[in-house]
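The values are calculated or read from the model by the stated rules, or taken from the named source; none is laboratory data. These numbers were taken from a predicted model, which means no experiment stands behind them. Using ideal geometry, Cβ is built from the backbone for each residue, glycine included, and neighbour counts are taken over all protein chains shown.
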């Protein structure tokens, strides 16, 4: 079983991203439980969404306190929220940033870090800093828990206009293609 926490800001689609991811995982035969968390529901405030996935039926209906995968769709959230809170050993951290992993202040217990310059990509595709679908592509590359094809199918079932659907499919593909993944355990052993 994997537990995922997505961090973003109000208005950027973190909760929508978790719903799209859930639909994509179901498309691939996974059992999924999406848990949106609503606090301050205002644009720009930190927002978090949770998702649990497994090949087995999920019986645990508790909140997620120890996610093994954390996705940050807005690079400024790391200054406002402890995005590493509760992460166990060997977690995977996926971050929207223009920085390289070597430039980041990361805890030592991570096994994998993935970075994607999602804001730049979003400005090129959407002309706005909406990075949610880009970061779904980054998550797919970093973890392999979902395929780009399943994300595309889930997007097709989402209520986008034709142009929006094409843009979001491009966003997922570019997020996947332009994400750098670093296996920290392998680097430490080298």
Which of the residues that make up segment 107-116 are touching a residue at least 12 places away in the same chain (Cβ under 8 Å), out of contact with any strand residue (DSSP E or B) (no Cβ under 6 Å at 6 or more places or on another chain) and either under 22 Å from residue 172 (Cβ atoms) or not in a strand (DSSP E or B) (or both)?
107, 109
Among the numbered criteria (1) buried (at least 21 other Cβ atoms within 10 Å of the Cβ); (2) within 15 Å of residue 16 (Cβ to Cβ); (3) free of Cβ contacts under 8 Å to residues at least 40 places away in the same chain, which one does residue 165 miss?
(1)
In segment 89-99, the residues that are surrounded by 12 or more Cβ atoms within 10 Å (Cβ to Cβ) and either closer than 21 Å to residue 65 by Cβ or in contact (Cβ under 8 Å) with a residue 60 or more places away in the chain (or both)
90, 91, 92, 93, 94, 95
Given 49, 118, 14, which one is under 17 Å from the mean Cα position of the chain (by Cα), surrounded by 14 or more Cβ atoms within 10 Å (Cβ to Cβ) and modelled with pLDDT under 90?
14
Screening 45, 80, 14, 24 for residues that are closer than 22 Å to residue 171 by Cα, touching a residue at least 12 places away in the same chain (Cβ under 8 Å) and touching a strand residue (DSSP E or B) at 6+ places or on another chain (Cβ under 8 Å) leaves only 14
Residue satisfying condition, being at pLDDT 95 or above, closer than 23 Å to residue 26 by Cβ and not in a loop (DSSP other than H, G, I, E, B), within set 135, 123
135
Looking at residue 127 and the list (1) touching a helix residue (DSSP H, G or I) at 6+ places or on another chain (Cβ under 8 Å); (2) within 15 Å of residue 12 (Cβ to Cβ), which single condition is not satisfied?
(1)
Can you name the number of the only condition in (1) farther than 16 Å from residue 136 by Cα; (2) in contact with a helix residue (DSSP H, G or I) (Cβ under 9 Å, 6 or more places away or on another chain); (3) modelled with pLDDT of 90 or more; (4) not in a loop (DSSP other than H, G, I, E, B) that residue 83 fails?
(4)
Has segment 64-71 got at least one residue that is farther than 16 Å from residue 139 by Cβ and in a strand (DSSP E or B)?
no
